[in-house]
Structure formats: structure tokens, C-alpha cells
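Presented below is the structure to which this report refers.
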Amino acid sequence: MIQYTISSNDLNGHVFSVTCTILSPKNQGQRLIMPTWIPGSYMIRDFSKNVVQIAARDIASGEPVDIYKIDKSTWELGTCKGAVVITYEIYAWDMSVRTAHLDQTHGYFNGTSVFFAVEGQESSVCELDIQQPKNACAENWRVATTLKELTAKRYGFGKYQAENYDDLIDHPVEMADFALITFEACGVPHDVVFTGKHYADLERIAVDLKVICEYQINFFGMPAPMERYLFLTWVVGDGYGGLEHRSSTSLICSRADLPTSKDKDVTEGYRTFLGLCSHEYFHTWNIKRIKPAKFLPYALGQESHTELLWAFEGITSYYDDLILARTGIISQESYLELLGQVITRVERAEGRHKQTVSESSFDAWTKFYKQDENATNAIVSYYTKGALVVLGLDLLLRKLTTDNVTMDHVMVMLWREFGIKRVGIQERELERRVIELAAPDIGEGGKEILEIYFEQALRSTNDIDLAPLLNERGVSLQLRTADSASDKGGKVGSEKTEGRVSLGVTYAEAASGVKLSAVVNGGAAHKAGLSSGDVVIAIDGLRVNKDSVERALSVFKQGEEVSLYAFRRDELMHFDVTLEMPKQDTAFLTINASEKLRGWLG
């Protein structure tokens, strides 16, 4: 057994104190390894950088044991005569779902951020003692985690147990005076924890999440793969994000997204929150158990490249909002609005003409998770384009097989053949399995159609022609110009956009003027020589800011040249910009024949 304790008495300094007791270390050269990344977030984060100090001692004699750092994430012990304890501190001031955060309001950690792996003993049972801070502000704190209780009571401080190191790091822990709601889905206990000030109607959230969770459990088939499930939720002024785990998820949501007792309809914010919950819950099957072969086991000391992230994030992104529609939580029209917004985001990504979705998956480590100002011109998201690939595949399967084979059948097959059996999916095995599943209904001609679809959708930069496939289901897909820079798409546009001009940029706030956060290749600003980071201060001699820039441009016509002044660093520069017509890159969908939606939208 490897024994860990974690305490948090320096809330002001944001420091966790951790001990790791190794009862049977190697006599010489025992190594301790801190992960460099966390599963579900594909970027090297070097969690060892937050180790503040470290020491080791022999338990029997109390004498120090030498400890050396041999690379950025590995420490090695000197001669050990018996059991040894390693004591170290972790700086925790990253309020994200990926790492650790500690202050007077709460404590949170993922195991990858705070616990060393003992080399050679990763399969050993792990015991974790979570100790309550002695600070007065933590008197009412409780513990929320899905780690198995050893001596601790549910929601209490004390000792917990994990089957091995991989199990230890897959159960995040929240310590706070949190709000808690509980419900059962298909007989499985579910808890939802909210940390942070809020005014949410918790009973309504429990009712809606129960519907979502029961749908997904029944979708894949009983029994559910977890004994209980936990939604850990931070409520903040402005935030969004989530990270999946084997029996829980960590979420960040905006306070305004949660429904109050006064809200009767599903607001856009609440729809966003439920979609996030649905997405992370779907990962319980798709990525936590149905995995690429490259992730079995996880190699947490280095990148694990796979071309399959389009499937694991794309499939999940396809189903998250679709499930809200199928369960009746949102209307079909509301779902199609969300789908239109996804199509819009892909249409506006010029990088889709340069990077395939398979390349996007493979390069997640260096490109998608390390985006710079040129990202819109260089990359495509395996989340959004991946979702469109899966949408097209689902509609194509339905067309070729008259709904006898759909993505629903594909997912159940993947669960039975890979998830339950804990077998990894090889790089192009998913494509082969889909074709095999559909083979009895499609013949050789249909097989060739699917092969061509996979090749074009996954390994080319061609746009997916969704319009005819959607039309088969009674849905019309149309593109228009954006009403404004804040237009996300999904809705019919305003008739007032005729004659609107475009610089081909996106804007950000600046202390004075308006900052260009991205400049689209081939757009008016790019042709005139403007660059990302430039701060525009005047158009046609008049001062502008983020709120007024589009109004200043609205008096000009397409093809007119306008004088523009901007600061690049501390240098004032002048540009003559020939204004262009905005691209038709804003999508919306309308229902033409609602009877054709049955089976797909439920």
C-alpha cells in the first residue's frame, strides 16, 4: 500500500502539504514521478513545476534520506533501509478543472497535480487521508469525491482508498461549504455539488439532470458503469469548462447560466449548462472506457498522439445537445439553433482549409491546446468539425440503411466491443467497424460511399456537404452574412445587413481603441497590412473603441477605401483599407418537414 496525506493549513499561501509513505521502497534508486499531463486535456502542463520543496526521511530512524531531482518530473531516493516518507508542498492557484486551487473559499485538486507515482508500484493500493484545514473559515467544509471511503464518512474528511495510482488520480476532490443536491438515475446515486455564490433552482436542475443521465444510461444499456456519480461545479461570474473522470466531472459555469425559481423556460445560459453536463457525462462511456489504443495505458510522462480525438470529442459534442432535444428538455428548433452555431464556428475557421480533422486530433498537444493569434488561419477544431463529421456520418448511415443502422447503433457496438471489454480502438478501426456494421444493409456500393466519406471528412480539407443530408431529414441549411461581430449564428438574420462591410477581423477590448485579436487571411485588414495585436484608434479621422467600431464602418460601402490609424506596440501606423463584403459564413437551419425528424431528433 502507498499512503498519502494531504492537508491545507496555509489557505492564504495557496499551499497543499502532502506526504507519501512508501512501506517497501527500493533499497537504492527508488523513483517518484509527477505526471506531465492530465487525461482529457491534451497538453504537457508539467505539474512538477508547482512542487515548492521536498524532503524524505527514514520512518524507523527518523534520519533524512537523500533525494535528487533527475529530470523535470522525476525525483530519486538515495539508500533506503526501510519504509520512507516523502514530504512536499504544492502551490495551488490555478482555478481550472485541470489542476489544483486553494484559498479561503475552497480547496480543489486533481491527483495528477498533487500526487507522485511510485515507480514500479503503480498497481499498489493507495490510501489517501484528506485532512480538514484548521482555519476557522473551513469549519463547515465538507469533502466531495467519488473515491471509495475507507474510514471517512460520505462527504467527510478522513481516509479514502483507490485500487491503484491510475484510480487515485481519476477522482477529483472538492473541499468547501458547498450546496448539494442528490437524485437517482436508473438506480445509481448522483450528487451535484455547487461551490460559489448562486441563486439557482437546485430542484429543477436535479430533475433535468436525472432525465439526461437516465437517457444516457439506457442509451448504452444497463447496468451503468459506475456505482455513483458526482458533478463538481464551480459557480463564477463568467466561466465555462469541464473535464471528465471515470465517475465524476469537474465543471465551471457562469452564475447567470443557472436557472432561478423565476425562470420558467430554458434560457440560453441554462441550455449551455445542461449541454456541458450532458457532454461530460457522455464521456463516462466515450473516452473514459471506450478509448484509443494509444491511451491504454496512459503514458503520463509524454504526449500520446492519436488521430482519433475527432471521434471521442466529436461524437460527444454531437450527442451532448442532441440528447437535450431527444429528451424534450429543449425543442427541436432550439437544437437546430445550436447546430447552426457549430456550423458557423467551423465556417469561420479559415484553418479548416489547411488542417484536416485527423491532423487536428494528432496535433492537439502543440496546436489546439496552444493556440496563438493565427489559430483561426491555421487549425480546425476536432470538437466542432468532429461533431459535423459525426452528424454527416449519422445522416449518411440513416440514408443508406433506411434508419436500420445509425450512430446510435455504432455507439452501442463500440461500448460492447471495446468499452466493456476494455480493449483500445486502433487508429482506423472505427471506420472499419462502422462499415462492417452497416454492410448487411448497404452492399458494395454503400461500402464505397462510406469509404469515400471517411477519406474526405477525416483526411482532406474539403468542407462536408451537409445540406443535402439535412434536407433528407426535412431540414434546410442556409448561410448568410453576420449581423454583427457578436452574431453567433443559428438564427435567421436581420434584413438590415444588406451593404454591411467587413474588415475580416475579430475584436477585443483595449484601454484605448479596439484591439484586433485575430486577422483573417485574405480579408480586408490582412490585405491592408494590419496584424493581430494592433490597436485601432481611429477610422476616417474619428476615434473608435470596441463598442463604436462597427458603427463607424457602417457609413461606408463595399469597395470604398477608408483611412485607419492603429498602434503596433508603441508605434503609430497608418493604413488604407479597402472594405469588403462580409463572407456568408453564418449558418441557420429551418424545419421543412417535421415528420422526417422522427428517429433522428426523437
- Message: Residues that are farther than 29 Å from LYS288 by Cα: list the strands (runs of 3 or more DSSP E) wholly contained in region 24-97 that include at least 1 such residues.
- Response: 51-58, 67-71, 74-77, 84-91
- Can we say GLY489 is of a type outside the set (D, E, K, R) and on the phi > 0 side of the Ramachandran plot? yes
- Query: Within region 490-503, is there a residue that is more than 23 Å from GLN584 (Cβ to Cβ), modelled with pLDDT of 95 or more and not hydrophobic (A, V, I, L, M, F, W, C)?
  - Reply: no
- Of (1) under 24 Å from THR146 (Cβ atoms); (2) outside any loop (DSSP other than H, G, I, E, B), MET222 fails just (2)
- Message: Checking TYR215 against (1) of a type outside the set (A, V, I, L, M, F, W, C); (2) without any contact (Cβ under 8 Å) to a residue 60 or more places away in the chain; (3) touching a helix residue (DSSP H, G or I) at 6+ places or on another chain (Cβ under 7 Å); (4) assigned to a helix (DSSP H, G or I), only one condition comes out false. Which one?
- Response: (2)
- Might you check whether a residue that is in a loop (DSSP other than H, G, I, E, B), among the basic types (Lys, Arg) and without any contact (Cβ under 8 Å) to a residue 60 or more places away in the chain occurs anywhere in region 535-543? no
- Task: Quickly run through region 153-189 and pick out the residues that are buried (at least 22 other Cβ atoms within 10 Å of the Cβ) and closer than 27 Å to LEU258 by Cα.
- Result: ASP170, PRO172, VAL173, GLU174, MET175, PHE178
- Message: Please pick out the residue among SER532, SER548 that is more than 17 Å from GLY499 (Cβ to Cβ), in the same structural domain as VAL505 (by TED's automatic domain parsing) and buried (at least 17 other Cβ atoms within 10 Å of the Cβ).
- Response: SER532
- In region 1-23, what count of residues is obtained for those that are under 19 Å from MET175 (Cβ atoms) and part of a loop (DSSP other than H, G, I, E, B)? 4
- Pull up region 480-522, narrow it to residues that are outside any loop (DSSP other than H, G, I, E, B) and in contact with a Phe, Trp or Tyr (Cβ under 8 Å, 6 or more places away or on another chain), then point me to the one that is farthest from VAL549 (Cα to Cα). ARG480
- Among the numbered criteria (1) over 28 Å from the mean Cα position of the chain (by Cα); (2) modelled with pLDDT of 95 or more; (3) not in a helix (DSSP H, G or I), which single criterion is violated by ALA438? (3)
- Members of region 562-602 that are among the acidic types (Asp, Glu), surrounded by 13 or more Cβ atoms within 10 Å (Cβ to Cβ) and assigned to a strand (DSSP E or B): GLU580
- Out of ASP483, ASP441, ASP487, sole residue that is loosely packed, with under 15 Cβ neighbours inside 10 Å, acidic (Asp, Glu) and touching a helix residue (DSSP H, G or I) at 6+ places or on another chain (Cβ under 9 Å): ASP441
- Task: Give region 195-205 a look and list any residue that's farther than 16 Å from TYR108 by Cβ and surrounded by 15 or more Cβ atoms within 10 Å (Cβ to Cβ), or say none.
- Result: HIS198, ALA200, ASP201, LEU202, ARG204, ILE205
- Note on the structure: Exactly one of VAL114, VAL192 is buried (at least 22 other Cβ atoms within 10 Å of the Cβ), within 30 Å of PHE219 (Cα to Cα) and modelled with pLDDT of 95 or more, and that one is VAL192
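Conditions (1) out of contact with any Lys or Arg (no Cβ under 8 Å at 6 or more places or on another chain); (2) β-branched (Val, Ile, Thr); (3) modelled with pLDDT of 95 or more; (4) farther than 30 Å from THR406 by Cα, marked per residue:
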position	(1), (2), (3), (4)
ARG543	yes, no, yes, yes
ASP547	yes, no, no, yes
PHE567	yes, no, yes, yes
GLU571	yes, no, yes, yes
ASP576	yes, no, yes, yes
THR586	no, yes, yes, no
THR590	yes, yes, yes, no
GLY599	no, no, no, no
GLY602	no, no, no, no
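Rundown of residues vs (1) more than 22 Å from VAL475 (Cβ to Cβ); (2) of a type in the set (S, T, N, Q); (3) touching a Ser or Thr at 6+ places or on another chain (Cβ under 7 Å), yes/no style:
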residue	(1), (2), (3)
LEU324	no, no, yes
THR344	no, yes, yes
GLU347	no, no, no
SER358	yes, yes, no
THR366	yes, yes, no
ILE379	yes, no, yes
- Query: Within the bounds of region 34-43, is there any residue that is surrounded by fewer than 17 Cβ atoms within 10 Å (Cβ to Cβ) and farther than 30 Å from GLY314 by Cβ?
  - Reply: no
- Message: Based on this model, can you work out whether GLN3 counts as of a type in the set (S, T, N, Q), surrounded by 15 or more Cβ atoms within 10 Å (Cβ to Cβ) and within 24 Å of GLN131 (Cα to Cα)?
- Response: yes
- Query: Which one of ARG345, ARG398 is among the charged types (D, E, K, R), over 19 Å from ILE452 (Cα atoms) and out of contact with any strand residue (DSSP E or B) (no Cβ under 8 Å at 6 or more places or on another chain)?
  - Reply: ARG345
- Note on the structure: Only one of ARG57, ARG45, ARG31 is within 29 Å of the chain's Cα centre (by Cα) and assigned by TED's automatic domain parsing to the domain that holds PHE157, namely ARG45
- Residue in region 349-358 that is nearest to the chain's Cα centre (by Cα), counting only those that are surrounded by 19 or more Cβ atoms within 10 Å (Cβ to Cβ) and either of a type outside the set (Gly, Ala, Ser) or farther than 21 Å from ALA457 by Cα (or both): VAL357
- Residues of region 72-96 that turn out to be over 30 Å from the mean Cα position of the chain (by Cα) and free of Cβ contacts under 8 Å to residues at least 60 places away in the same chain, as a count: 8
- Just name the residue that is surrounded by the most Cβ atoms within 10 Å (Cβ to Cβ) out of those in region 493-529 that are of a type in the set (A, V, I, L, M, F, W, C) and over 21 Å from THR578 (Cβ atoms). ALA510
- Pair list, Cβ < 8 Å and 6+ apart or interchain, from region 142-164 residues that are over 17 Å from TYR229 (Cβ atoms) to residues that are part of a loop (DSSP other than H, G, I, E, B) and of a type in the set (Gly, Ala, Ser): ARG142/GLY156; GLY158/ALA152; LYS159/ALA152; ASN164/SER123; ASN164/SER124
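The values are calculated or read from the model by the stated rules, or taken from the named source; none is laboratory data. In this text the structure is predicted, and so the values were computed from the model without any measurement. Here Cβ is always computed from backbone atoms with ideal geometry, including for glycine, and neighbour counts include all displayed protein chains.
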